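Student: Shown below is the structure under consideration.
The values are calculated or read from the model by the stated rules, or taken from the named source; none is laboratory data. As the structure is a computational prediction, the values presented were derived from the model and not from experiment. Positions of Cβ are generated from backbone atoms using ideal geometry, with glycine treated the same way; all protein chains shown enter the neighbour counts.
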Amino acid sequence: MSMDNQSQEKSSILNKGCINRKGFLKAALLAPVLFVRKLRAATDSALGPEKGARRWGMVIDLDRCTACQSCVVACSVENNQMMGNPHEAAMGRVIRWIRVQSVEKKNAEGYRQSLAPMPCMQCDDPPCIKVCPTSATFLDPEGIVGQVYPRCIGCRYCVNSCPYTSKFFNWDTPSWPKPMEEGQNPDVSVRYKGIVEKCLFCHQRLQRAKEKAAFEKRELAEGDYIPACASSCPTRAIVFGDINDPRSEVSKLSQSPRAYRLLEELGTEPKVSYLREE
Amino acid sequence: MSQIMETSRAADLSGNKLEEAVLRPLEKKPTRGQDALLLALALIFLIGLGAWARQLAWGLSATGLGVPVFWGVYIVNFIFFIGISHAGTLLSAILRIVKAQWRAPFTRLAEMITITSIPFAATCVIVDMGRPERFLNVLLYPHFTSPILWDVCCITTYIIMSSLYFYTALIPDLALCRDRLGSGVSPWRKDFYRISSLEWTGTETQKRVHHLIMTVLSIVLLALVISVHTNVGFVFGMTIKPGWHTAVIGPYFVIGAALQGLGVLGLIAIFVRWFFRLHTWLTETHLDSLRQFTLALTCFWGYFTGVEILTTFYGHAPAEMQVLWSKISGPFWWCFWGMILFCFVIPFVLLAFKPLRLSSVLALSGFSINLGMWLERYSIVVPSGANPFVSFVGRYWPSLTEWLITAGWVAGFLMLLLLFMRIFPILTVWEIEESAEHS
């Protein structure tokens, strides 16, 4: 059979049916356009939670920070983080959800070291969530990146894809000296060998604050919910609050001309901002 | 070409001789040396399993990993074994599709290598997991945007399809075993041949259906070969990590795996030819075709490597350059330059020059390519881990546990391959006879 006959036969089939050739071509051309529009709409809405909701964020003023590490200590105690020993420290296996990171910058006078406390950046478009094969990490409606410990398989893909190195893997069963073990925070689950964990902006404190506000029959007010790092900072360098609320201190500070976000060019939309040293 | 036809005709004339040469090793009782080799490999494999058991008890702290190098030798081994598995599918599927006659004596061996290496590739990932007992979570709570899930889908399909492919190509030869193997074979093996040959008698209808299935499977497998290794590359390419985030990584992985597959095939084919005395069927002409194919892929690999390095270097993004410098003149110089030496320089010299056209040289270049490809995967996985965006003091050197598991898995693969050689015919008899008929 020649090609001509075949195509004639095909077009007659198309004409007889409910869809003709013109309609078919139109649909075929339109389908990818609609698909792309839908995809764009989906990716746009994926950036951050819906409007009106709270969006928790943080501003860290590097001019005020003295790198005293009290945020690191407060975070470790609040969140039942492993004690660690010298061997684990040498292998880079001690887990600290917030750490004081040294950043070397070159200027006209030479190298200058600056120190910055680094919690999880709580990205609005987190690279760690996309790559998780079991949906063990997720963005909650108020913008906190969560981790489901019982679901995590410990593949460390999210840890690898985080550009801030803010996710941590339990290489071993975490251990504490006896008195510390007895003083653990009952609001925070103790993690175990082989899973990934991360800073959750002291999510348990948000739960507590919400419960308290509900009991007192009022809305959550600014200052009701502050993570351990911010509340322990002696120089008040860490400011925390709802960045969707234009009146909050954190949203005012994040509009400062000194404000910048780490690796902003990657498009991860972090909710932690820094105020440049002056 | 004429030489191939000549040798094929010779094979045709001695058709019975071919069958005898293939079937004799299956009948003969293995010598003490063979048993000793198998036992030694089994012992190394058991030591590897023991090391894994220790790691299960201790957690991944038994490895040399930490912040910021989160992936190490296990992931390197995973890509390495997937690369080995590409020997079979690549060679036999592509060459069957283009009807290259020189494929015939290689296909069975190549498919055997595929089948025996995939289990070790898949288990490498499980060894690397922090919670291996939760492996099924990938299926219970699938997250479809994850390249690891794509990998799980691809590799599962690949295992199933290549097993089917190996088996389909085996059916006529299983029937041969059923009909020809005498008293030297134990009764359970006779039963095995009888049941698995699916009452093949070699009628015209059977041959037609067989040919059709083989063609369809070849085409499907060719697509799978490309998708599997592209996806393994995607696991790295889809992240925004410096050194990993490049579009070339998918095709680069495909070419690398193809090259490694041919390398391992060359190495093992030379050994098998010497061991089973297959010089009549696996001739110098066949080896020469394999040599040319390997040389072409070596050049392709060199091209891809050059393209990747030049693009990174010209773009000069600081984070990317940090990774590149750590490979060229930093702490990872040994794996980078080792990779260039063993994957490109040595095989190119060994394969390109006429005076070096010896079977032992082909085996040597196969070994060199495999060593180089392991280093290549190391220089992709580890330096990017050691140089994240945010500066970290990190170092990584594989621990004893990791080396033992690596050795164990290589030994396990060779052991399984040797066991396969004891049960299944080493040459695709029907295909060699067919190609002789064609010419």
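Student: So if I check each of B:Ile79, B:Ile47, which one is modelled with pLDDT of 95 or more, more than 30 Å from B:Pro251 (Cβ to Cβ) and in a helix (DSSP H, G or I)? Outline the logic, then answer.
Tutor: Numbers: B:Ile79 fails: more than 30 Å from B:Pro251 (Cβ to Cβ).
After ruling out the rest, the residue left standing is B:Ile47.
Yes/no per residue for (1) touching a residue at least 12 places away in the same chain (Cβ under 8 Å); (2) of a type in the set (D, E, K, R); (3) surrounded by fewer than 16 Cβ atoms within 10 Å (Cβ to Cβ):
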{"site": "B:Ser162", "(1), (2), (3)": "yes, no, no"}
{"site": "B:Leu170", "(1), (2), (3)": "yes, no, no"}
{"site": "B:Cys177", "(1), (2), (3)": "yes, no, no"}
{"site": "B:Pro187", "(1), (2), (3)": "no, no, yes"}
{"site": "B:Asp191", "(1), (2), (3)": "no, yes, yes"}
{"site": "B:Arg194", "(1), (2), (3)": "yes, yes, yes"}
{"site": "B:Thr201", "(1), (2), (3)": "yes, no, yes"}
{"site": "B:Leu212", "(1), (2), (3)": "no, no, yes"}
{"site": "B:Leu217", "(1), (2), (3)": "yes, no, no"}
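Student: Quick check: anything in the range B:290-304 of a type in the set (A, V, I, L, M, F, W, C), in contact with a helix residue (DSSP H, G or I) (Cβ under 9 Å, 6 or more places away or on another chain), outside any helix (DSSP H, G or I) and within 21 Å of B:Ala121 (Cβ to Cβ)? Full working, then the answer.
Tutor: First pass over the range B:290-304, keeping only residues of a type in the set (A, V, I, L, M, F, W, C): B:290, B:293, B:295-297, B:299-301, B:304.
Filter again for in contact with a helix residue (DSSP H, G or I) (Cβ under 9 Å, 6 or more places away or on another chain), leaving B:290, B:293, B:295, B:297, B:299-301, B:304.
If we keep only those that are outside any helix (DSSP H, G or I) as well, we get none.
No, because not a single residue in the range B:290-304 is of a type in the set (A, V, I, L, M, F, W, C), in contact with a helix residue (DSSP H, G or I) (Cβ under 9 Å, 6 or more places away or on another chain), outside any helix (DSSP H, G or I) and within 21 Å of B:Ala121 (Cβ to Cβ).
Student: Sort out which residues of the range B:309-329 are in contact (Cβ under 8 Å) with a residue 24 or more places away in the chain, surrounded by fewer than 17 Cβ atoms within 10 Å (Cβ to Cβ) and of a type outside the set (S, T, N, Q), and write them in order of number.
Tutor: Just the residues of the range B:309-329 that are in contact (Cβ under 8 Å) with a residue 24 or more places away in the chain, to begin with: B:311-312, B:317, B:319-320, B:322-324, B:326-327.
Applying the additional criterion that residues be surrounded by fewer than 17 Cβ atoms within 10 Å (Cβ to Cβ) yields B:311, B:317.
Within the range B:309-329, just B:Ala317 meets the criteria.
Student: For the range A:18-49, give me each residue that is at pLDDT 55 or above and not in a helix (DSSP H, G or I).
Tutor: Residues satisfying the conditions are A:Cys18, A:Ile19, A:Asn20.
Student: Quick check on the range A:182-218: of everything there that is polar (S, T, N, Q) and over 21 Å from the mean Cα position of the chain (by Cα), which residue is farthest from the other protein chains (Cβ to nearest Cβ)? Full working, then the answer.
Tutor: Initial filter on the range A:182-218 (polar (S, T, N, Q)): A:184-185, A:189, A:204, A:207.
Right, trim to over 21 Å from the mean Cα position of the chain (by Cα) and you get A:184-185.
Values: A:Gln184: 20, A:Asn185: 23 Å.
That would be A:Asn185.
Student: Quick one: how many residues across the range B:346-387 are in a loop (DSSP other than H, G, I, E, B) and either β-branched (Val, Ile, Thr) or in contact (Cβ under 8 Å) with a residue 40 or more places away in the chain (or both)? Explain how you work it out, then say what you get.
Tutor: Kept after step one, since they are in a loop (DSSP other than H, G, I, E, B), are these residues of the range B:346-387: B:353, B:357-358, B:387.
Narrowing further to those that are either β-branched (Val, Ile, Thr) or in contact (Cβ under 8 Å) with a residue 40 or more places away in the chain (or both): B:357, B:387.
Residues meeting the conditions: 2.
Student: Moving to a separate point now. Starting from residues that are in contact (Cβ under 8 Å) with a residue 60 or more places away in the chain and outside any helix (DSSP H, G or I), keep the ones in the range A:123-136 and report whichever is nearest to the other protein chains (Cβ to nearest Cβ).
Tutor: Residue satisfying both the conditions and the ranking: A:Ala136.
Student: Restricting attention to the range A:60-95, report how many residues are within 16 Å of A:Pro227 (Cβ to Cβ) and not charged (D, E, K, R).
Tutor: 14
Student: Being surrounded by fewer than 19 Cβ atoms within 10 Å (Cβ to Cβ) and within 14 Å of chain B (Cβ to nearest Cβ) is the filter here, so list the residues in the range A:219-278 that pass it.
Tutor: A:Arg261, A:Leu263, A:Glu264, A:Glu265, A:Leu266, A:Gly267, A:Glu269
Student: Would you pick out the residues in the range B:82-117 that are outside any helix (DSSP H, G or I) and touching a helix residue (DSSP H, G or I) at 6+ places or on another chain (Cβ under 8 Å)? I'd like the intermediate steps shown before the answer.
Tutor: The first filter runs over the range B:82-117 and keeps only residues outside any helix (DSSP H, G or I), leaving B:98-100, B:104-106.
Residues satisfying the conditions are B:Ala100, B:Ala104, B:Pro105, B:Phe106.
Student: Taking the conditions exactly as written (surrounded by 14 or more Cβ atoms within 10 Å (Cβ to Cβ) and either more than 14 Å from chain A (Cβ to nearest Cβ) or under 30 Å from B:Val22 (Cα atoms) (or both)), does B:Ser183 satisfy them or not? Give the derivation first.
Tutor: Values: surrounded by 14 or more Cβ atoms within 10 Å (Cβ to Cβ): no; either more than 14 Å from chain A (Cβ to nearest Cβ) or under 30 Å from B:Val22 (Cα atoms) (or both): yes.
Against the criterion (surrounded by 14 or more Cβ atoms within 10 Å (Cβ to Cβ) and either more than 14 Å from chain A (Cβ to nearest Cβ) or under 30 Å from B:Val22 (Cα atoms) (or both)), B:Ser183 does not qualify.
Student: Something else: From the residues in the range B:230-245 that are β-branched (Val, Ile, Thr) and more than 8 Å from chain A (Cβ to nearest Cβ), which one is surrounded by the fewest Cβ atoms within 10 Å (Cβ to Cβ)? Give the derivation first.
Tutor: Looking only at the range B:230-245, we keep the residues that are β-branched (Val, Ile, Thr), and these are B:230, B:232, B:235, B:239-240.
This time we only want the ones that are more than 8 Å from chain A (Cβ to nearest Cβ), so: B:230, B:232.
Values: B:Thr230: 19, B:Val232: 28.
Only one residue tops the list, namely B:Thr230.
Student: How many residues does the range A:155-177 contain that are in contact with a Pro (Cβ under 8 Å, 6 or more places away or on another chain), facing chain B (nearest Cβ under 7 Å) and free of Cβ contacts under 8 Å to residues at least 60 places away in the same chain?
Tutor: The total comes to 4.
Student: With under 21 Å from B:Trp281 (Cα atoms), basic (Lys, Arg) and more than 14 Å from chain A (Cβ to nearest Cβ) as the only criterion, which of B:Arg178, B:Arg108 stands out? Show your work before the answer.
Tutor: On the way: B:Arg178 fails: under 21 Å from B:Trp281 (Cα atoms).
Only one candidate passes the filter, namely B:Arg108.
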